[in-house]
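Only one structure is covered here, and it is reproduced in the block below.
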Amino acid sequence: MSLRIRTIARLTGVREATLRAWERRYGFPRPARGENNYRVYSRDEVEAVRRVAQLLREGFSASEAIDQVRRVPLGDLPIGTQLRERFWSAVAVLDAEAADRVLDDASVVMTPIALSDGFLLPLLREMADRLDVAREHLASALVRQRLRSLVLAPGAATGPRAVLACPVGESHEGGLLGLGVHLRSMSWKLAVLGADTPTDAIVTAASALDADVVALSVVMPRPAAELESVLAAVVRGVACPVAVGGAAARDHVRRVLAAGAHYVETAQDVAEVASVRLRALAR
């Protein structure tokens, strides 16, 4: 699949005029000519332009960045960088199969925690800045699917029990799934309800699982009073502690606490919250 200069500019953040100037001055990139003599770019050229754009952000001049990309093939870069560039290049041409193969390759060379924290979650965070809506949807679906596969990986679930959910109105579940990967590595038994979960569903799942903790992720901005109301409804409905993390929770810690929930930032924080109920049951 070949891409026009307008698409390359949108995907890399490099303006069309800049790409044309580089082509005249440095012979980089070297697009082919399609119908009506329009410039068309291959996946390799997209990859190279993206690398140059990253070097510019790191403080290199255009000539230095282009020279480095020419001298250092993608295969000589650290494996994590290679995989990221391959993923973005596949997504740029809407090649879902190739992008998924990159995730397969990453799964082979990384532990589940490293794959989640060091590769998949950073990809999710970068998407809004890197991609248009269509490509963001494709890439996000692939990455979230891979995170879910890590959470659902076979293995003993002999630890505490947790319900993981994004409350109603919250559509960003990446952080929630990342938490699930950590808890699953600690042999927790999990019920992952995902994005935009109604309060009644959270309460039902917590009761059915006899959960030791309900962990909620809230990322999207919302009025503080509304956040407190949503969290308080969950707290009233369940018989276990409620742990809340995410950017919106961090912005409104007092409201989280006022709702009767616990503010958390890590999987270990969630474990500490769960231990309150576990100690009470052990008495």
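The values are calculated or read from the model by the stated rules, or taken from the named source; none is laboratory data. As the structure is a prediction and not an experimental result, all values here were calculated from the model. Here Cβ is always computed from backbone atoms with ideal geometry, including for glycine, and neighbour counts include all displayed protein chains. Protein only, heavy atoms only, side chains kept; ligands, DNA and RNA dropped before computing areas. Shrake-Rupley method; radii C 1.70, N 1.55, O 1.52, S 1.80 Å.
Observations
- When the test is whether a residue is at pLDDT below 95 and part of a helix (DSSP H, G or I), R255 does not pass it.
- Unmet requirement for A99, which otherwise passes all of (1) under 21 Å from S149 (Cα atoms); (2) exposed (fewer than 14 other Cβ atoms within 10 Å of the Cβ): (2)
- Qualifying positions in region 242-261 - more than 22 Å from the chain's Cα centre (by Cα), under 23 Å from L209 (Cα atoms) and crowded, with 22+ Cβ neighbours inside 10 Å: V242, A261
- Residue match in region 56-63 (condition: in a helix (DSSP H, G or I), out of contact with any Asp or Glu (no Cβ under 6 Å at 6 or more places or on another chain) and open to solvent by less than 50 Å² (accessible area, probe 1.4 Å)): yes
- Filter result (open to solvent by 20 Å² or more (accessible area, probe 1.4 Å) and not acidic (D, E)) within region 10-26: R10, G13, R15, A17, T18, R20, A21, R24, R25, Y26
- Region 262-279: number of residues that are open to solvent by less than 60 Å² (accessible area, probe 1.4 Å) and acidic (D, E): 1
- Test: L164 is within 19 Å of S116 (Cβ to Cβ) and open to solvent by less than 20 Å² (accessible area, probe 1.4 Å): yes
- Of all residues in region 175-207, those being buried (at least 22 other Cβ atoms within 10 Å of the Cβ), of a type in the set (G, A, S) and within 16 Å of L124 (Cβ to Cβ) number 1.
- In region 14-60, the qualifying residues are those that are modelled with pLDDT of 85 or more and small (G, A, S), and the one that is nearest to E85 (Cα to Cα) is A48.
- Flag if A114 is modelled with pLDDT under 90, of a type outside the set (F, W, Y) and either in a helix (DSSP H, G or I) or open to solvent by less than 10 Å² (accessible area, probe 1.4 Å) (or both): no
- Residue satisfying condition, being under 23 Å from A141 (Cβ atoms) and touching a residue at least 60 places away in the same chain (Cβ under 8 Å), within set G194, G174, G178: G178
- Test: residue in region 212-233 that is open to solvent by less than 20 Å² (accessible area, probe 1.4 Å), in a loop (DSSP other than H, G, I, E, B) and either without any contact (Cβ under 8 Å) to a residue 24 or more places away in the chain or in contact with a Leu (Cβ under 7 Å, 6 or more places away or on another chain) (or both): yes
- Filter pass, L77 being open to solvent by less than 40 Å² (accessible area, probe 1.4 Å) and out of contact with any Pro (no Cβ under 6 Å at 6 or more places or on another chain): yes
- Residues (more than 20 Å from E45 (Cα to Cα), of a type in the set (A, V, I, L, M, F, W, C) and part of a helix (DSSP H, G or I)) located in region 84-111: L103, A106, V108, V109
- Filtered residues of region 7-59 (kept if over 26 Å from the mean Cα position of the chain (by Cα) and within 20 Å of L94 (Cβ to Cβ)): P29, P31, A32, G34, E35, Y38, R39, V40, Y41, S42
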